[in-house]
Amino acid sequence: MNSSKSQNIVFWKISNIANIELIKGTTVSSTCGRHFHDGYIFGTIEGGERRFIKQGRNDVLEAGDVFALNPGEVHECWNRETSYHVLCMDEAVMKELSGRNLGITPRIVFPELMIRDPLVFRHLLELCHSVEQPESLLETESRLVQALACLAGRHAEFDRFQDNIGRTNPAVSRAREYLEEHYAGHICVDDLAENSGISAYHLIRSFNREYGLPPHAYQLQLRVKEARSMLWKGQSLSEVAYNTGFSDQAHFTRLFKKATGMTPGRFAQSLHALEMSHESAGQSQHHDSFLQISG
């Protein structure tokens, strides 16, 4: 069961730099069931604790710890009076930044979720603070390159396969592609089985084995991902619910909270898009104007 309380959460989006999302939580207590992210997730723990379960391993992170999640890794997490920063970065953005700035062309993989490295912690936190209170675009970009170089140089491995997902099972890959194309539709298991060319029983078992989630849970993750994007663009809750295939707004709210630990209304209230200008980053953005939520 997913829940959240005593939350003070703020969101930023840095679209002029690299379309990176920053989340800051203060004394958050919440749970979030099995889910995944399309991009890389990097986080710092500044207070309390956060527990993860990934691939059967249980990691408990405390103040001073860093966590790294690769795209598509299914995990569960719990916050207990946790204060944290989280950076969410598209895989394409990571590839472009690491290739251009670090000279790394293979796919970057972080083998360990929990990282205890004071230098990495410091660089990531300095980057987060420069996003919260921007002085200049140059400073934020410089801190971004420093943080990625430190994190990747000390804790990453390099995978020359550019797309690991589904490469060993073409039938399951076809089912995944069908879900991504029709995520908002009412899909039955026979549709997936027919599209993939294998039996429904074999498909469900194989899909769960490759992606860590059954097809219906994967479809929910796709719907939630698109819903977050639509909420960032300012669409109303009723529009988002309809456009992402939920039966009604109540159904949307219940499943969005189940997937993310917070309601879509609370998520929408906490958003703040940060557009940093090359000419004067910080003149039109002030820390006091960032939307926050408590309660």
Residues (of a type in the set (Val, Ile, Thr) and either open to solvent by 80 Å² or more (accessible area, probe 1.4 Å) or at pLDDT 90 or above (or both)) located in region 173-195: ILE187
Cross-chain or 6+ apart pairs with Cβ under 8 Å, region 239-254 first and under 13 Å from TYR183 (Cα atoms), then open to solvent by 70 Å² or more (accessible area, probe 1.4 Å) and part of a helix (DSSP H, G or I): ALA241/GLN249
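I'd like to verify a number: residues in region 108-124 that are outside any helix (DSSP H, G or I) and either more than 24 Å from ILE53 (Cα to Cα) or open to solvent by less than 30 Å² (accessible area, probe 1.4 Å) (or both), how many? First the steps, then the outcome.
Residues of region 108-124 outside any helix (DSSP H, G or I): 108-117.
Add one more test, that the residue is either more than 24 Å from ILE53 (Cα to Cα) or open to solvent by less than 30 Å² (accessible area, probe 1.4 Å) (or both), and what stays is 108, 110, 113, 115, 117.
Looking only at that region, the number is 5.
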Count of residues meeting criterion [part of a strand (DSSP E or B), polar (S, T, N, Q) and within 15 Å of the chain's Cα centre (by Cα)] in region 8-30: 0
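One residue is enough: does region 37-57 have a residue meeting the conditions within 21 Å of PRO134 (Cα to Cα), modelled with pLDDT of 95 or more and open to solvent by 10 Å² or more (accessible area, probe 1.4 Å)?
Of region 37-57, the ones within 21 Å of PRO134 (Cα to Cα) are 42-44, 46.
Filter once more, keeping what is modelled with pLDDT of 95 or more: 42-44, 46.
Subset that is open to solvent by 10 Å² or more (accessible area, probe 1.4 Å): 46.
Among the residues of region 37-57, at least one is within 21 Å of PRO134 (Cα to Cα), modelled with pLDDT of 95 or more and open to solvent by 10 Å² or more (accessible area, probe 1.4 Å), which makes the answer yes.
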Where a residue in region 62-76 is touching a residue at least 12 places away in the same chain (Cβ under 8 Å) and buried (at least 21 other Cβ atoms within 10 Å of the Cβ) and its partner, wherever it lies, is among the basic types (Lys, Arg) and in a strand (DSSP E or B), with Cβ under 8 Å and at least six apart: PHE67/ARG50; LEU69/LYS54; HIS75/ARG34; HIS75/LYS54
Test result for THR105, on the phi < 0 side of the Ramachandran plot, modelled with pLDDT under 95 and polar (S, T, N, Q): yes
Qualifying positions in region 96-107 - part of a helix (DSSP H, G or I) and either surrounded by fewer than 17 Cβ atoms within 10 Å (Cβ to Cβ) or small (Gly, Ala, Ser) (or both): GLU96, SER98, GLY99, ARG100, ASN101, LEU102
Count - residues of region 31-73 that are in contact with a helix residue (DSSP H, G or I) (Cβ under 9 Å, 6 or more places away or on another chain) and over 22 Å from LEU151 (Cβ atoms): 4
Residue in region 13-27 that is at pLDDT below 90 and open to solvent by 60 Å² or more (accessible area, probe 1.4 Å) present: yes
Enumeration of residues in region 196-228 that are of a type outside the set (Gly, Ala, Ser), open to solvent by 20 Å² or more (accessible area, probe 1.4 Å) and outside any helix (DSSP H, G or I): ILE198, PRO214
Pairs with Cβ under 6 Å, 6+ apart, first in region 84-111 and of a type in the set (Lys, Arg), second open to solvent by 20 Å² or more (accessible area, probe 1.4 Å): ARG107/ASP159; ARG107/GLN162
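The values are calculated or read from the model by the stated rules, or taken from the named source; none is laboratory data. Bear in mind that the values here come from a model prediction, so they are computed numbers and not experimental data. All Cβ positions, glycine included, derive from the backbone under ideal geometry; neighbour counts span all protein chains shown. When the accessible area is computed, the model is the full protein with side chains, heavy atoms only, and any ligands, DNA or RNA have been set aside. Shrake-Rupley method; radii C 1.70, N 1.55, O 1.52, S 1.80 Å.
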